[in-house]
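J.: I am attaching a structure below and will ask some questions about it afterwards.
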Amino acid sequence: MNDSYQALLALAEDYAKINEVEAILLAGSAATGAFDEASDFDVYIYSAAPVPLAVRQGLAEKHMRYVELDNRYWEPEDDGILNCGTPIDLVYRDAAWIEEHLYGLLVEERPSIGFTTCFWGNLLNAKILFDRNGRLSALKAKYTVPYPQTLKQRIIQINRELLKGKLPSYYDQIKKAIGRQDKVSINHRIAAFLASYFDIVFAYNEVVHPGEKRLVALAQKTCARLPENFSEDLDRLLTLSGTTSSEILEALDTLIDHLDALLDAQA
């Protein structure tokens, strides 16, 4: 990884010369030590104003063998491959936006449906490569705090309600999809179910949400307490997820029952 990291630092050094850029953060597996041959660099460019596309193109031509400029499928980003061969995602964020988001999350304690604390975890676990005025360093220090208890309970409540028990619950949506033999809908709603399920598991353990990848392994590594038969129950559900079998509902019930037992033990 050493050659790749040096290539990354050279790119970051050039980005630091751009007036609009306030901070550059390295996140993901490269920052947490889980980098492997399938990993890429996740780099976040925080700015006070948009970085001109022509400037980004010039740096891409210098540092990358291939690039897709200004992809906007999720956040604005440039996706490419460094000259050394390592893939890189350059994600552009408004520095004021992340401050507002974290205030809403950690001061006003507003939960989300799935992935509630991802942006908080992204900042806490990131390596700051450049910080022009110390703005992101100060923000990271400000929100290096214990997990807010009201936020924890709100995450658990809103996501648990959507698992099963309310009219719009994922369970009821999956049940209808099974009745229609609609595999695509089943798969779609199981994915949403799991997003809320993992949001609950990480919040219960007061662990910031790590994102979309390696969730089972990361939960086993970072969470002190997990539902009974955690990985086995998930494996069963995922094995059934490509079918229209009513056994899917049994697998969901088992997951929910074991999750509830964990939550009831805390109560």
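The values are calculated or read from the model by the stated rules, or taken from the named source; none is laboratory data. Predicted, not measured: the structure shown is a model, and the values here were computed from it. Every residue, glycine among them, receives a Cβ derived from its backbone with ideal geometry; neighbour counts consider all protein chains shown.
J.: Can you tell me which of L163, L82 is in the same structural domain as S196 (by TED's automatic domain parsing), farther than 21 Å from N19 by Cα and of a type outside the set (S, T, Y)?
T.: L163
J.: Please list, ordered by first then second residue, the pairs with beta carbon atoms under 9 Å, 6 or more apart or interchain, first in segment 154-171 and over 14 Å from A195 (Cα atoms), second surrounded by 20 or more Cβ atoms within 10 Å (Cβ to Cβ) and among the polar types (S, T, N, Q).
T.: Pairs found: R154/T116.
J.: Taking the stated definitions as given, is F115 on the phi > 0 side of the Ramachandran plot and in the same structural domain as H101 (by TED's automatic domain parsing)?
T.: It is true that F115 is on the phi > 0 side of the Ramachandran plot and in the same structural domain as H101 (by TED's automatic domain parsing).
J.: Same structure, new question: How many of the residues in segment 80-113 are within 18 Å of the chain's Cα centre (by Cα) and more than 28 Å from G134 (Cβ to Cβ)?
T.: 3
J.: Another question about this same structure. Go through R132, R189, R180, R110 for me and flag whichever is among the basic types (K, R), more than 22 Å from R225 (Cβ to Cβ) and surrounded by 21 or more Cβ atoms within 10 Å (Cβ to Cβ).
T.: R189
J.: As an exercise: evaluate E250 against (1) over 24 Å from the mean Cα position of the chain (by Cα); (2) within 20 Å of D199 (Cβ to Cβ) and give the number of the one condition it does not meet.
T.: (2)
J.: Another question about this same structure. Can you confirm whether E228 is part of a loop (DSSP other than H, G, I, E, B) and farther than 13 Å from I156 by Cα?
T.: yes
Quick grid of which residues meet (1) among the charged types (D, E, K, R); (2) more than 23 Å from V145 (Cα to Cα):
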position	(1), (2)
T86	no, yes
D89	yes, yes
E100	yes, no
V107	no, no
C118	no, no
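J.: From L252, L263, which residue is among the aliphatic types (A, V, I, L, M), in a helix (DSSP H, G or I) and at pLDDT 95 or above?
T.: Only one candidate qualifies: L252.
J.: Would you check if P227 is touching a helix residue (DSSP H, G or I) at 6+ places or on another chain (Cβ under 9 Å), modelled with pLDDT under 95 and buried (at least 19 other Cβ atoms within 10 Å of the Cβ)?
T.: The answer is no for P227.
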